[in-house]
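What follows is one structure encoded as structure tokens, with my remarks underneath.
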2 protein chains.
Amino acid sequence: MKKYEIIAEDIASAIQQGLLKRGDKLPSIREIQRSKLVNASTVFQAYYLLEARGLIVARPRSGYYVAGPLHHERLLPHSGIDSGTPTTLQVSDLVFNLLERIKDPQHIPFGSAFPSPLLFPLKKLADHMASAVRRMQPHETVQDIGQGDIGLRRQIALRYQLDGKATDINDIVVTNGALEALNLSLAAVTQPGDSVIIESPSFYAALQAIERMGLRAIEVPSHPAQGIDLVALERAIQQHQPKACWVMTNFQNPTGSLMSSAQKQALVALITRYQLPLIEDDVYRELYFGQQRPLPAKTWDQEGWVMHCSSFSKTLAPGYRVGWVSAGRFTEKITRLKISTTLATSIPAQLALANYLAKGAYDKHLRQLRHQLMLQQLQFSQAIHQYLPAAVRFTLPQGGYFLWLQLPEALDSLPLFQQAIAQRISLAPGHLFSSQQQYASYIRLNYGHAMNEAHVRAIEQLGQWMQVSRI
Amino acid sequence: MKKYEIIAEDIASAIQQGLLKRGDKLPSIREIQRSKLVNASTVFQAYYLLEARGLIVARPRSGYYVAGPLHHERLLPHSGIDSGTPTTLQVSDLVFNLLERIKDPQHIPFGSAFPSPLLFPLKKLADHMASAVRRMQPHETVQDIGQGDIGLRRQIALRYQLDGKATDINDIVVTNGALEALNLSLAAVTQPGDSVIIESPSFYAALQAIERMGLRAIEVPSHPAQGIDLVALERAIQQHQPKACWVMTNFQNPTGSLMSSAQKQALVALITRYQLPLIEDDVYRELYFGQQRPLPAKTWDQEGWVMHCSSFSKTLAPGYRVGWVSAGRFTEKITRLKISTTLATSIPAQLALANYLAKGAYDKHLRQLRHQLMLQQLQFSQAIHQYLPAAVRFTLPQGGYFLWLQLPEALDSLPLFQQAIAQRISLAPGHLFSSQQQYASYIRLNYGHAMNEAHVRAIEQLGQWMQVSRI
């Protein structure tokens, strides 16, 4: 056990034993630092862990308190609603227009979909790539078309094995990032006109894919803490005979929800009973802040109905465009789609990653990355507590790099977006995450960039606009 | 003018002046070698040039002759036929099954779609990649999403400029190989149920894309020497209101046909008149054997109806998966499709190629590559003359690395394929190149691998099977 874990455990048991009660103020960071002879970041981490578990809460300009009404006041309610009937989507224009305006690197990047590229070991990767590509044999440029480099697939299979899930490397198809994996998976099991279940709210790429392929969306509520509502899911399956279900099980985009293992198991049992292909979008799993890496739903997939899609883009190698799908019974179909659409994934990028993963530095890097994101979440949420109106509600996800905020009711996030982008502050308005307009008063904020003074000022500015808009 | 060009010019003018007549035997390689004090490969090249221009012909075990009836006997007739009505395709299973069996690297690779990977400067590319990726800045991993690295697009635009065609770098979208460029182009202008014009015969990726997207194919005859029949094309446009036309203008796959500049200009005028989007598949252009690099049809595109698709996979960097489309009026649509399907092309691969192209070694490499392919075509066609039955007909393309052969009529290439693959000799049966079965007695052979004794024996073996099958 690490120092911060020991400190956290001490406080947690004090709370559980009733020695510390709701509303009690905790010692300041400095006090603990002195009494335990540790440095400040250790105490931060301990408090962070306790906060992530919901045991304590930070009160702006005051300190940490044992969790009580204050914390729950800010918790998001169960927000998703049933869409009722399958819907033909027309969101792409809005999405593309907003994305186009969000991408300026000079802006404060709260609307970005990516974490800071400074978080990744790009120099080390460059070394691995240099050595891999210099060793590359000519025949390697044309073999392994379709499924991908066998060495990389072996490394990916080994990571599933860490979870205790034996995975056949022949079930893995390497793709041009997770996005291609998701699109190929959806294409493998649908025809134009079919209905597909997605979460509400959901990642806009799912909405775009459905629109592009001429499919219809059934939006099923997803809770900001626990993920997709399985009761509503089963009802939707029975009513609409969907051909696929696209779910983010770990640190959902945008809500940050984390399904429990029990819920994942129940999800797989449900879709297996209905023989409904499940597209599991799982790109943030490695970015967990808790003690244990959360498992994918795929872990419980006995019959091969789950297509587990992930990538290295958010965890190790942005821009390399290397992802994969562990595709179960759909592997051959997906391989063929890959061959006839993009043929193969860039071989040098595959070899570089296989090389890096084989050398074993990935887990060390991931520990640092998770720690950094956890601290950034803490700093970001403190600024939000401090500067955004008290009526703003949100949940602290246990991983990833997004916060999903509900603004005071009268507030539409699109005018706020316009106002902010004019001042070079980007944010992702809730309109991006549903076809139903029910998230007009939500925003997604990215805390994947190290907080600096300009970021804090930007949050303060957002808070002022929110106040003014309410008048 | 180079030595071999001078020798060729001398002989060409002797033929034009009537000093050498049809059927006259030319001096042997050795005789010229001695009289002109040059080495054998120079003479080979000279004779090759003359052969490519149709002025002379090689006669097995005998030598070179001024072209006469012998040469024309072997010329392919105008083979394509109108498909009549738009057709829903079901070729993919056949294609995938055959491709799966062709890909074993232990086989004699006559059926392969790729040239030998030994033809490319992979070591030099590796050096460029190493230096590019070490200089890569973190922000480069997330900028230029969609259209691609601006440095690479500039290099691509410069190559268009070599042809005298000014190209806006904002019209270029970098893709995961030409295959993605072609697929995105087709997706940008069609909806399921639409009709699309393709050549007959045509590259099987076009057939697969049409089948996968739920489109209907209109097959328009393509002449093995001159390419698509413009009269038949206009008739098909008038009859079927197609939404796109997919044509290979330079060294068509499988026939090797090369459209003249006049034909290309007429093609663009035609599709512009009908406002019909033209998908120009042009991956073999740099592999020309003549004096001049053939132009793309895009050169004459004033109104932006042509989507010119190409890549570096066949000319420089197999396995890097870097291609592009110069997309005219469809650029924004294609960029959006790229963003929502594969997001971006692998950045290290883009930077490596931009780096390589900027240093100016590309043209030198291309000269060597063309020379090598030209010699391989010569050796390959000599072996065919020698070992295949005289009834086998074919045309020598002026570039690329495929020969398209018509077998004696009674011969179906599928049993021949089965027989050959059992002996580890691959070939591409004509069935792959049309939905209409009219190429059952054709095969495509790849001469992109240096000829060795095993290759010659394999051709001899093919010849024996063809003889036996006829009995």
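Quick notes on this one:
- Counted residues, region B:4-24 - those being modelled with pLDDT of 85 or more and among the basic types (Lys, Arg): 0
- Subset of region A:235-280 (residues that are among the hydroxyl-bearing types (Ser, Thr, Tyr), surrounded by fewer than 23 Cβ atoms within 10 Å (Cβ to Cβ) and under 20 Å from the mean Cα position of the chain (by Cα)): A:260, A:261
- Single condition residue A:115 does not satisfy, out of (1) part of a helix (DSSP H, G or I); (2) facing chain B (nearest Cβ under 10 Å): (1)
- Single unsatisfied condition, residue A:413 versus (1) touching a residue at least 40 places away in the same chain (Cβ under 8 Å); (2) touching a helix residue (DSSP H, G or I) at 6+ places or on another chain (Cβ under 7 Å): (1)
- Within region A:171-205, the residues that satisfy the criterion of being of a type in the set (Gly, Ala, Ser) and within 30 Å of residue A:154 (Cβ to Cβ) are A:177, A:178, A:181, A:185, A:187, A:188, A:205.
- Across region B:284-322, the qualifying residues are those that are hydrophobic (A, V, I, L, M, F, W, C) and in a loop (DSSP other than H, G, I, E, B), and the one among them that is farthest from the other protein chains (Cβ to nearest Cβ) is B:295.
- Entry remark, region A:158-194: residues being among the polar types (S, T, N, Q), in contact with a Ser or Thr (Cβ under 9 Å, 6 or more places away or on another chain) and over 19 Å from residue A:343 (Cα atoms) number 2 in total.
- Summed over region A:171-188, the residues that are within 11 Å of chain B (Cβ to nearest Cβ) and crowded, with 24+ Cβ neighbours inside 10 Å give a count of 11.
- Region B:336-362 residues that are more than 7 Å from chain A (Cβ to nearest Cβ) and closer than 18 Å to residue A:318 by Cβ, paired with ones that are of a type in the set (Asp, Glu) and outside any helix (DSSP H, G or I) (beta carbon under 6 Å, 6 or more apart): B:350/B:149
- The residues of region B:189-210 that are more than 11 Å from chain A (Cβ to nearest Cβ) and either farther than 19 Å from residue B:311 by Cα or charged (D, E, K, R) (or both), listed by number, are B:189, B:190, B:194, B:195, B:196, B:197, B:198, B:199, B:200, B:201.
- Note on region A:144-195: among residues that are among the hydrophobic types (A, V, I, L, M, F, W, C) and not in a helix (DSSP H, G or I), the one that is nearest to residue A:349 (Cα to Cα) is A:174.
- Unmet criterion (only one of (1) surrounded by 24 or more Cβ atoms within 10 Å (Cβ to Cβ); (2) away from chain B (no Cβ under 14 Å); (3) within 30 Å of residue A:453 (Cβ to Cβ)) for residue A:379: (1)
- Only one of A:199, A:219 that is modelled with pLDDT under 95, under 15 Å from residue A:86 (Cα atoms) and not in a helix (DSSP H, G or I): A:219
Let's see how each residue does on (1) among the acidic types (Asp, Glu); (2) within 28 Å of residue A:456 (Cα to Cα):
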{"residue": "A:97", "(1), (2)": "no, yes"}
{"residue": "A:100", "(1), (2)": "yes, yes"}
{"residue": "A:105", "(1), (2)": "no, yes"}
{"residue": "A:122", "(1), (2)": "no, yes"}
{"residue": "A:126", "(1), (2)": "no, no"}
{"residue": "A:133", "(1), (2)": "no, no"}
{"residue": "A:139", "(1), (2)": "no, no"}
{"residue": "A:147", "(1), (2)": "no, no"}
{"residue": "A:151", "(1), (2)": "no, no"}
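- Restricting attention to region A:128-148, the residues being at the interface with another protein chain (Cβ under 10 Å from one of its Cβ atoms), touching a helix residue (DSSP H, G or I) at 6+ places or on another chain (Cβ under 7 Å) and either under 25 Å from residue B:101 (Cβ atoms) or touching a residue at least 12 places away in the same chain (Cβ under 8 Å) (or both) number 14.
- Here residue A:369 fulfils each of the conditions (1) more than 24 Å from residue A:306 (Cα to Cα); (2) at pLDDT 95 or above; (3) crowded, with 24+ Cβ neighbours inside 10 Å; (4) away from chain B (no Cβ under 13 Å) apart from (3).
- Among the residues of region B:323-335, those that are touching a residue at least 24 places away in the same chain (Cβ under 8 Å) and either part of a loop (DSSP other than H, G, I, E, B) or of a type outside the set (A, V, I, L, M, F, W, C) (or both) comprise B:323, B:326, B:327, B:328, B:329, B:331, B:333, B:335.
- Qualifying residue in region A:394-411 (condition: in a helix (DSSP H, G or I) and either among the aliphatic types (A, V, I, L, M) or surrounded by 17 or more Cβ atoms within 10 Å (Cβ to Cβ) (or both)): no
- Filter result (within 18 Å of residue B:388 (Cβ to Cβ) and either among the aromatic types (Phe, Trp, Tyr) or outside the structural domain of residue B:389 (by TED's automatic domain parsing) (or both)) within region B:420-466: B:439, B:442, B:447, B:465
The values are calculated or read from the model by the stated rules, or taken from the named source; none is laboratory data. In this text the structure is predicted, and so the values were computed from the model without any measurement. For neighbour counting, all protein chains shown are included, and Cβ atoms are generated from backbone atoms with ideal geometry for every residue, glycine included.
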